[in-house]
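Since every read-out is calculated from the coordinates, none of them should be taken as a lab result. Remember, predicted model here, so these are calculated numbers, not experimental data. Reconstructed Cβ throughout: ideal geometry from the backbone, glycine too, with neighbour counts over all protein chains shown.
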Amino acid sequence: MRNIRWSMVFYVFLGLVIFVGLAMLMSLVSKKDSQQLCKELKVVVEGKETFIDQQDISKMIDQKFGSVVGKDLAGIKVQQIEEAIEMLPYVSNAEVHLDMDGTMQVTVQQREVVLRVINKAGREYYVDRSGKKVPVTLKYVPHVMVANGNISEGYKQPLEMVESKLVQDLVRIAGHVRGDNLWENQIVQIFVNEQRDIELIPRVGREVLVIGSADSLDYKLRRLEVYYKNILPKVGSEAYEKVNVKYGGQIICERRGNWFIDSLQMKINMKN
């Protein structure tokens, strides 16, 4: 008995007591969790758009999974609910959390669209930042750039990717213009003409701004800035029908009316 280390026995006993206590506590918590009923459904919809709202999400959950209020928390199919919400074309992400107080919280992030396309057949669709197509709805019309004209690419199903370089260019232009203090206020529409050149329709002035494609977009917009700052104040807004920066190193201005200069073209060297 003299060789028994009572301090070691004490610590072993204390460890067993703590282990048993924790096991009992976890058992009680698990039992409470399995018996806890859902008392409330909270839906939070985030994002700049308002394609959907809290009622839309709540209604969809009720229709697909039944009313969650009154159900055992352990029986709620959280992952399936998240996946079902993310299948909605206006949703980019969804997260569902169950709280110990009986609250089921659903957080939904909406897609942010940057362009509305109206193709030559009159078919309309939105395109989001990731290049996915989003269907048009009468419930909400976002304030985004509209592109129309000689656009062939249509719309088959929600969230399909943009395929043609032309529409990819249109999305790129709309994304570039958005947030730019000068061009967001000045450009109101994008048009694709019969030659499949991209034209920008300005808010102020009657001239059409031809850029051709989104290649070298920054360079083309800088040349248009030169036009607005150095040329337009001298000739006025009625002088030109088109201002073309499609070709590198020059601005080509086509006169309006019967009078002309340099075969209806004014070429301005941009090297200096």
If the label point sits 7 Å along Cα→Cβ of Glu160, residues of segment 74-92 with amide N under 17 Å come out as 89-90
Could you tell me the calculated FRET efficiency between Val144 and Leu37, based on Cβ-Cβ distance and R0 = 30 angstrom, to the nearest 0.05?
0.10
What does the highest-first list of 75-81, 249-255 look like by mean Cβ count within 10 Å?
249-255, 75-81
Residue-by-residue Karplus 3J(HN,Hα) for segment 82-95, coefficients 6.51, -1.76, 1.60, Hz, glycine and proline x
4, 5, 5, 5, 5, 7, 5, x, 9, 10, 9, 7, 9, 9
State, to one decimal in nm, how far the label point of Ser58 lies from the label point of Tyr247, with both points 7 Å from Cα in the Cβ direction.
6.3
Per 0.36 nm of contour for each residue apart, how much would the distance between Val204 and Asp101 grow if the chain were fully extended, relative to their Cα-Cα spacing?
31.3 nm
Full extension between Val226 and Arg123 adds, at 0.36 nm per residue less the Cα distance, a length in nm of 33.5 nm
HN-Hα J couplings of segment 164-181 from phi, Karplus 6.51/-1.76/1.60, θ = phi - 60°, integer Hz, Gly and Pro as x?
7, 5, 4, 5, 4, 5, 4, 5, 4, 5, 4, x, 5, 5, 5, x, 8, 4
